[in-house]
1. Can you compute the charge dipole magnitude of the stretch 402-497 about its Cα centre, using +1 on each Lys and Arg Cβ and -1 on each Asp and Glu Cβ, nothing else charged? Give it in debye, rounded to the nearest 20.
2. Kirkwood Rh over Cα pairs of the stretch 387-500 into Stokes-Einstein at 20 °C, 1.002 mPa s: D in µm²/s?
3. How many Å² of accessible area per residue for the stretch 387-500, probe 1.4 Å?
4. With each label point set 7 Å from Cα along the Cα-Cβ vector, what nm distance links Lys399 and Lys283?
5. Suppose R0 equals 60 Å; then what is the FRET efficiency for Asp273 and Val467 from their Cβ-Cβ distance, rounded to the nearest 0.05?
6. If you average 1/r over all unlike Cα pairs in the stretch 199-281 and invert the result, what Kirkwood radius do you get in angstrom?
7. Of all DSSP beta bridges in the chain, what percent run antiparallel (nearest 5)?
8. What is the packing order of peptides 100-113, 346-359, 369-382, taking the mean over residues of other C-beta atoms within 10 Å and listing the highest first?
Amino acid sequence: MKAKLKISNKRVVSKIDERIYGSFIEHMGRAVYGGIYQPSHKTADDKGFRNDVKDLVKELNIPLVRYPGGNFVSGYKWEDGIGPVSQRPKRLDQAWKSVETNEVGLHEFYEWSKEVGMEINMAVNLGTRGIEEARNLLEYCNHPSGTYWSNLRIENGQQKPFNIKTWCLGNEMDGPWQIGHKTADEYGRLAEETAKVMKLVDDSIELVLCGSSSDQMPTFGEWELTVLDHAYEHVDYLSLHQYYGNHENDLEHYLARSLAMDEFIKGVIAMCDAIKAKKRSKKVINLSFDEWNVWYHSNEQDKNVEPWQIAPPILEDHYNFEDALLIGCLMITLLKHSDRVKIACLAQLVNVIAPISTEQDDESLAWKQTIFYPFMHMSNYGRGIALDPEVESPTYATKDFNEVPFVESIAVYNEEESIVTIFAVNRSKESLDFKVELSGYEVMEIRETIEMAGYDIKADNDVNNQVVKPSVKENVSFNSSDVLTSLSGLSWNVIRCLVKE
């Protein structure tokens, strides 16, 4: 079989907003306690944060981290996480039936985020709280000094403002499971008024309005149209959430889930633009896909976890090779929509449905799950301009889609380095001859070739055995206008080309 990718410097999707490579840390499970923070661990720094975890996080080159939730935020009192640690209260977290110690709060997380090179995407509680608490938190974080909340921040050791610029107006408020669940009208009005007040405190911030918690919600569509109708002129992004799983153990169906993501994104864009037209607005609402990942491996084991523990081991999916292939397809899909998807957050970062895992001891080092690698490659090499991909590929059919291309691909041009990076997934079990035709770029040399291939689709990694990992891709050739290679069956591929325009 043969496949082809055609790209041109005249056909672009968009300059990629680096925040599309964001992630997420919620106070749930072992994401914070036993994940990024473990004072007893042999690698812990003087503040209790694990250096081995920090090292892996830095490899991912993540620019933005959503915090502190997630479902957790809808019952969270942010004031519990400031001031002397010894005086902070322990609270029941009803979202995950856990005990929150508040050892890590706003100041500690801010310092950690700066050390690993991330900005914070802060979520405010619009479940059990509202306008006043959101306003106070923003004043605490961003106002220079001279007011009650800004002076309290200074008293707590942070002289300069945190200067957090991206804020989420609650979390999944459409979900009946959410603490403080609201109807679309109730949430839309609250979000509108909260947004207005927050921008009076700091008009430089950007706000994310809650969309549906998945496209399978019975209120999907109606929810988006209603909340946008209320808050359109006061917010900057609408959120999307979606998780994927191979519940039916059907590989072909599973690897086609990126087509479902594509339809989801297109549908939400259409709804944003419908409200724009209705309001005769000149403002464009972009998208924040601020929860996305594979999540299904841990569902059964989580049913046996005892409630009201501190940092219980929940949502600890153990990812395999087919999951890594899907992550590659999903990230390519996000880049295809980088003209409107400006923020995306892989949910989550450590232990909880995450690319990085740790063991429940003080000696073992953090390790990389299979999905670590495609995300790392995209985050590091996918900066620049997304080129509009024209893919010619044989197809197959699933129960949801009549034509699923065997090859999912996109290319990104980095102007600063004069590098075109080609990303490609082969969904077929057979190898394909793959030709990349470049128009407007002269290929000077192949700088790097990467492949993940040859593994059983259920192969995974663990702390003692890092089996599934990238290798150098062989058999890549080029001339001035073409790159030629073979894509191994069921493979993730990265080819980096030095070019001249």
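1. That gives the stretch 402-497 a dipole magnitude of about 280 debye.
2. Working: Rh = 15.2 Å.
Stokes-Einstein gives a translational diffusion coefficient of 141 µm²/s.
3. Spelled out: the 1.4 Å probe surface of the stretch 387-500, per residue, equals 45 Å².
4. 4.2
5. According to the calculation, E is roughly 0.85.
6. So the Kirkwood estimate lands at 14.4 Å.
7. Numbers: 56 of 96 bridges.
Given both bridge residues lie in the chain, the antiparallel proportion sits at roughly 60 percent.
8. Working: 100-113: 20.6, 346-359: 25.6, 369-382: 23.4.
Per-residue mean Cβ counts within 10 Å order the peptides as 346-359, 369-382, 100-113.
The values are calculated or read from the model by the stated rules, or taken from the named source; none is laboratory data. Note that this is a predicted model, so its numbers are computed, not measured. Glycine also receives a Cβ, built like all others from the backbone with ideal geometry; neighbour counts cover every protein chain displayed. In case anyone asks, the SASA skips ligands and DNA or RNA and just uses the protein heavy atoms, side chains included. Shrake-Rupley method; radii C 1.70, N 1.55, O 1.52, S 1.80 Å.
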